[in-house]
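Here the structure comes first, spelled out in structure tokens, and everything after it is commentary.
None of the figures in this text is laboratory data; all of them are computed from the coordinates on show. Quantities reported herein were computed from a predicted structural model and do not represent experimental measurements. With ideal geometry, Cβ positions are generated from the backbone for all residues, glycine too; neighbour counts draw on all protein chains shown.
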Amino acid sequence: MAKEITTQILINAGPEKVWAILTNFEKYPDWNPFIKSIQGEIKVGSKITAFIEPPGGKGMTFKPTVLAFDGCKEFRWLGHLFFPGLFDGEHQFELINHHNGTTTFIQSEKFKGILVPLFKKMLDVQTMNGFRLMNEKLKELAEQ
């Protein structure tokens with residue numbers, strides 16, 4: 001089973017400013033309503049520790065592997081619940097530079113595994129709300 005969630009928001013700021021906020025992980029507890037923390041060395045192939053708490057949901061710590069970290073463009077990781085194949089999530093942040101002082105921020109996740117159907121409602125409601133709230137807060141901070 002597979003499922004994908006995608007959100008996007010237009011931010012009236014250049015990708016450098018958006019990226020600076022997005023990758024300042026030490027500040028996540030101060031502003032991020034969805035991803036409460038990211039710790040570890042952010043480089044392709046490394047494992048990081050992330051704590052995610054969707055609105056109205058239960059918090060979860062996991063240790064995904066960084067798949068991409070391309071300055072001002074993309075940050076992507078792959079995480080697993082317990083072990084691969086059960087419930088895997090490939091999370092992506094993508095920045096599209098419009099070269100006019102605006103950036104489209106896309107946050108998406110592809111879920112795969114035998115437990116995906118059991119989490120469908122949580123993904124459709126709580127996870128989607130978490131994406132949207134984070135996107136809106138990122139926009140607000142970048143446009144200040």
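Select, from Glu41, Glu4, Glu94, Glu26, the only residue that is in a helix (DSSP H, G or I) and of a type outside the set (Lys, Arg).
Just one listed residue meets the conditions, Glu26.
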- Query: Are there any pairs with C-beta distances below 7 angstrom linking a residue in segment 118-138 that is closer than 13 Å to Ile9 by Cβ to a residue that is assigned to a helix (DSSP H, G or I), with the two at least 6 apart or on different chains, and if so which?
  - Reply: Lys137/Trp31; Leu138/Val18; Leu138/Ile21; Leu138/Leu22
- Query: Residues of segment 103-112 being out of contact with any helix residue (DSSP H, G or I) (no Cβ under 9 Å at 6 or more places or on another chain) and either among the polar types (S, T, N, Q) or at positive phi (or both), which ones?
  - Reply: Thr104
- Note on the structure: Picking from Phe83, Phe93, Phe75, Phe87, the residue that is surrounded by fewer than 18 Cβ atoms within 10 Å (Cβ to Cβ), of a type outside the set (Val, Ile, Thr) and closer than 27 Å to Met122 by Cβ would be Phe83
- Message: Going through Leu86, Leu118, Leu22, Leu78 one at a time, which residue ends up being closer than 19 Å to Gly130 by Cβ and more than 16 Å from the chain's Cα centre (by Cα)?
- Response: Leu118
- Of the residues in segment 56-72, those that are over 16 Å from Gly89 (Cα atoms) and loosely packed, with under 14 Cβ neighbours inside 10 Å number 4
- Query: Out of segment 34-54, which residues are exposed (fewer than 14 other Cβ atoms within 10 Å of the Cβ) and either in contact (Cβ under 8 Å) with a residue 24 or more places away in the chain or within 21 Å of Phe119 (Cα to Cα) (or both)?
  - Reply: Lys43, Val44
